[in-house]
Amino acid sequence: MKMAELSAVSGLSVATVKFYLRENLLAAGERTAPNQAHYGLEHVTRLRLIRSLIEVGGLTIADARVVLAAIDSDLPLQDTFAIAQRSVSEHIDPAGIDPSALDRVDAVLDGWLVSADNPGRLAAARVVQSLDEVGHTDACGWLGRYAHAAQLVAEADIDEIAALSDRAAQAQTVVVGTALGDALFRGLRRAAQEHVSALRYSADPARHHQTP
């Protein structure tokens, strides 16, 4: 297909497709003339992946380039996970976190194989520090219950990857699952919060939309 058809099939403007080509996110097509190239279904698939990472996952162009390179590489999946995590996570300076907050996070992560600079560990500690500053007391074991839920989600992530036999598909699932999984869990959490609060606090739970 030519550029115009690639644009139509992918749902992206010609200018956007050309931008992704210039940014080395998308491989060049097969040259058929000095100013023309042929593109295949693999380009459509790649564009949909790029669009998901940037528009839904919130990655910058630079971060998308890094994680796409990880997909295309033969790196071990553990390294691909590390790249994906760091690409979708804010950089946090450990020096700015209260050591007691880190200790509390480490207490609920006891037994987990987590590196000291894991972005999730640092982000959780910063949240704990902020909760302390606003007087949140964690009366019902909030932090521990979140850690338990996080492990269940992580096991679901890994099970999805393990179900695939092709390394390229596994690597893509690592990246997509890490980037889009955050957005997915955030959305489901919002829905669950409405559900549970309606059951506990609403005078008329029936007024809420009930899913089939």
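No value in this document is a laboratory result; all are computed from the given coordinates. Predicted, not measured: the structure shown is a model, and the values here were computed from it. Virtual Cβ from ideal backbone geometry, glycine too; neighbours counted across all protein chains shown.
Okay, here's what the table says:
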{"quantity": "Selected from Q193, Q36, Q78 as most flexible by GNM, with the chain as the system and alpha-carbon contacts under 10 Å", "calculated": "Q193"}
{"quantity": "Listed peptides 162-174, 80-92 by packing density, highest first (mean Cβ within 10 Å)", "calculated": "80-92, 162-174"}
{"quantity": "Average projection area in nm² (convex hull over Cα atoms of the range 1-56, one quarter of hull surface)", "calculated": "3.5 nm²"}
{"quantity": "Charge context of R65, other residues only, Cβ under 11 angstrom, K/R +1, D/E -1", "calculated": "-3"}
{"quantity": "Extension gain, D93 back to L164 (0.36 nm per residue minus Cα-Cα distance, nm)", "calculated": "22.0 nm"}
{"quantity": "Cα centre as origin, Lys/Arg/Asp/Glu Cβ charges: the chain dipole, Debye", "calculated": "840 debye"}
{"quantity": "Normalised contact order of the chain, rounded percent, pairs of Cα under 8 Å and 6 or more residues apart", "calculated": "20 percent"}
{"quantity": "Area projected by the alpha carbon convex hull of the chain, averaged over all directions, nm²", "calculated": "16.6 nm²"}
{"quantity": "Nitroxide proxy distance, nm - points 7 Å out along Cα→Cβ at Y146 and V196", "calculated": "1.2 nm"}
{"quantity": "Neighbour net charge for G177 - beta-carbon separation under 11 angstrom, K R +1, D E -1", "calculated": "-4"}
